[in-house]
Every structure is written in structure tokens, then in C-alpha cells.
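Peer 1: Take a look at this one; I'll ask things after.
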Amino acid sequence: MNLETMTVEELDYGVHVVTINNPPANTLSAGIQRDLLQLLEEVENNQAIRAMVFKSANPKIFIAGADLGSMGATEGSANIAESSKHVQNIFNRLEALRVPTIAAINGHALGGGCEFVLACDFRIMGQGTIGLTEASLGLLPGAGGTQRMTRLVGGAKARELMYLSKRLKAEQAAAIGLITEAVSPEEVEEKAISLATTLAQSAVGAIGLIKESILAAEELPLEQGLLVEREAFAKTFTTGEVEEGIRAFFEKRPANFLKPVTNQ
């Protein structure tokens, strides 16, 4: 991969740590969008990648959100809607990625930065603030934030946070379930990598299918969600993980899922 705004470090068990570096403020630029698409394509096609951690090279900012200086240059509501759709599609792919994803947040994740981390499976946060603050600029979250935050914390709390453009510290965000865990700034990366390492040694094929089923539960009527679930259940028998899991159960040993997942 030839990434301009990110670097990727490969750790044990297929854990990949992505460091976002788009100075000065890590704005959600076209460059980050291109790199993220390239990265997602690689993860979707490389079975050796088993978990992803996203962190920032900027000690104060995870992602600052959209490039406000360039927004006024966009002409026409149709073009604006298409730009919004483009970023929504990127974050949809991130959310549906076949492997678990963890955001290691050690700085502000506001606006588009918050929308980015909401598309990850887990959010470990230390310092900084998090929130969808677009209303303070006369805007609204246009990269999936209105939908994901509402599903995560409920409509009443989502209204409060978005209408008032609230910025929450880690402990406040953890208390309402907006993030997975609040830790000290020094622990953020270690905790995120530890979680990724645990997940990477698990049945990643099954986890990807569980993720698919959970997304269906959030988006579809019950009967359609149940259809997705039973089809996903059937697919687990094509990954090679079921045989190992059952064999390990009867042999009274930990299962070893560290082999390529096939035919998912």
C-alpha cells in the first residue's frame, strides 16, 4: 500500500496498527478518505489481517473533522449531498469490515472524527473530548453520525449531545456508552492493542459474521434480521473455525483459530 496520511505497523497474531498522520490537525481530508479506502480494500482481501487499531500521530487530536476551509468551495446542494454520501459509504465499509476494529483515542474526536470512531467496534479513550459538534457551525453530522450515535446512546441522549454540540471527556462518554472504556492517557494504546491481540486470536470469521448480524439487527425488521442471522450461522461452517472449536472443546484445550479463514 502507498498511503500518504497513514502508516501501518504489523504486530503479532495479525494485529495491524494504523497511525493517522495528516498535519497540522488531522482533518478528514480527501487524502485521508483515499487512504482509508485503500486500507479497507487491503483488509477485505488479506486474510492475514485479523484485527485493526486506529490511533493518531497528533497528541492532541484524533481526527479534527472536515476541512472547514474547503467546504464553502463546494457548489450546489446535490454536490454537497454526494460528498456526504461518499464519506458515509467509506464509514459504512469501515463499520462492516470483516475484522474487529478499535479506535485508540488520545485527543479530540469531534465532528467527523467522532463519526469515524463511531464506525469502529470499540473505542478506548484517554484525554481529549468526543462529540458531534456540527450544530455549533450551523451544520449537522453528515457522515453517519446522526444514525450511529442515536443507535448507540438512544434518541433522547443523542438529541441532547447533538443539539447542544456537547464535548464529552472520556469518563462522561463511558458513562453513557459512547465509548467502550475510559483509561489514563498513558494506557490508551496498550489497552487498545491488548484488546486487538485478544480478538485476533479468537474466531475472527465468526466475529465478522456476528458483526454482520448485529448490523442487520440495527437496520432491518426482525424477520429479515433473522434471515441474515441463519445465513450467517450456516457460513460459520465454511470458515474452518467450527471444526477447531469443537475439537478443542472435547480435547479440553484452548482453541487455536490462528489460521486463514476460508470461504466466508
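Only the coordinates and a few stated rules stand behind these numbers; no lab work does. As the structure is a prediction and not an experimental result, all values here were calculated from the model. Cβ coordinates were reconstructed from backbone atoms using ideal geometry, including for glycine residues, and neighbour counts include every protein chain displayed.
Peer 1: Just want the ordering: F233, F122, from fewest to most Cβ atoms lying within 10 Å of their own Cβ.
Peer 2: Going from least to most buried by this count: F233, F122.
Peer 1: Could you state the principal axis extents of the C-alpha atoms in the chain, from the largest down, to the nearest angstrom?
Peer 2: So the three principal-axis extents are 61, 43, 37 Å.
Peer 1: Assigning unit charges at the beta carbon (Lys, Arg +1; Asp, Glu -1) and nothing else, what dipole magnitude in debye, to the nearest 20, does region 132-233 show about its Cα centre?
Peer 2: For region 132-233, the charge dipole is close to 380 debye.
Peer 1: Another question, then. Which order do peptides 239-246, 191-198, 22-29, 251-258 fall in by mean Cβ count within 10 Å, highest first?
Peer 2: So the order, starting with the most tightly packed, is 191-198, 22-29, 239-246, 251-258.
Peer 1: Dividing the Cα radius of gyration by the Kirkwood radius, what Rg/Rh value follows for region 22-139?
Peer 2: Rg/Rh: 0.97.
Peer 1: Further question: Could you calculate the FRET efficiency of A78 with A234 from 1/(1 + (r/R0)^6), where r is the beta carbon distance between them and R0 is 45 Å, rounded to 0.05?
Peer 2: So, using R0 = 45 Å, E works out to roughly 0.60.
Peer 1: Let me ask something additional. Excluding residues on the same chain fewer than 8 positions from K169, give the lysines whose Cα lies under 17 Å from its Cα.
Peer 2: K60, K157
Peer 1: Go ahead and run the numbers for FRET between T7 and T198, Cβ-Cβ distance against an R0 of 22 Å, rounding to 0.05.
Peer 2: Efficiency at R0 = 22 Å is approximately 0.40.
Peer 1: Something else now. Hey, what angle do you get for helix 204-219 against the long axis of the chain, alpha-carbon based, 0 to 90 degrees rounded to 10?
Peer 2: Helix 204-219 and the main axis of the chain meet at about 50 degrees.
Peer 1: Let me ask something additional. If the only charges are +1 at each Lys and Arg Cβ and -1 at each Asp and Glu Cβ, what is the size of the charge dipole of region 6-200 around the Cα centre, to the nearest 20 debye?
Peer 2: I would put it at about 620 debye.
Peer 1: In whole percent, what relative contact order does region 151-264 give with Cα contacts below 8 Å and a gap of six or more residues?
Peer 2: Relative contact order of region 151-264: 21 percent.
Peer 1: Can you list residues from other chains, or at least 5 along the same chain, whose modelled amide H is less than 5 Å from the amide H of I105?
Peer 2: I124, M125, G126
Peer 1: Report the one residue of I80, A66, A170 whose Cα lies farthest in the direction of the positive end of the charge dipole of the chain (charges on C-beta: Lys and Arg +1, Asp and Glu -1; origin at the Cα centre).
Peer 2: A170
Peer 1: Let me make sure I get this right: for region 204-250, a, b and c are the square roots of the gyration tensor eigenvalues over alpha carbons, sorted descending. Under 1.5 in a/c it's rounded, otherwise prolate if a/b > b/c, else oblate. Which is it?
Peer 2: prolate
Peer 1: Using a simple charge model, +1 on the beta-carbon of Lys and Arg, -1 on the beta-carbon of Asp and Glu, nothing else, what dipole does region 204-250 show about its Cα centre, in debye to the nearest 20?
Peer 2: Approximately 160 debye in magnitude.
Peer 1: Taking the Cα atoms only, what angle lies between the long axis of helix 188-200 and the longest principal axis of the chain, rounded to 10 degrees?
Peer 2: The answer is roughly 40 degrees.
Peer 1: Rounded to whole Å, give me the distance from the Cα center of region 1-58 to that of region 89-128.
Peer 2: 12
Peer 1: In region 221-247, whose amide N lies under 16 Å from the spot 7 Å out along Cα-to-Cβ of T150? List them in ranges.
Peer 2: Residues passing the 16 Å test: 221.
Peer 1: Based on the Cβ-Cβ distance of L227 and E186, what FRET efficiency does E = 1/(1 + (r/R0)^6) give at R0 = 41 Å, to the nearest 0.05?
Peer 2: The computed FRET efficiency comes out at 0.35.
Peer 1: Here's another thing I want to ask about it. Any idea which of M149, A234, Q201 is furthest toward the positive side of the dipole for the chain, if Lys and Arg beta-carbons carry +1 and Asp and Glu beta-carbons -1?
Peer 2: Of M149, A234, Q201, it is M149.
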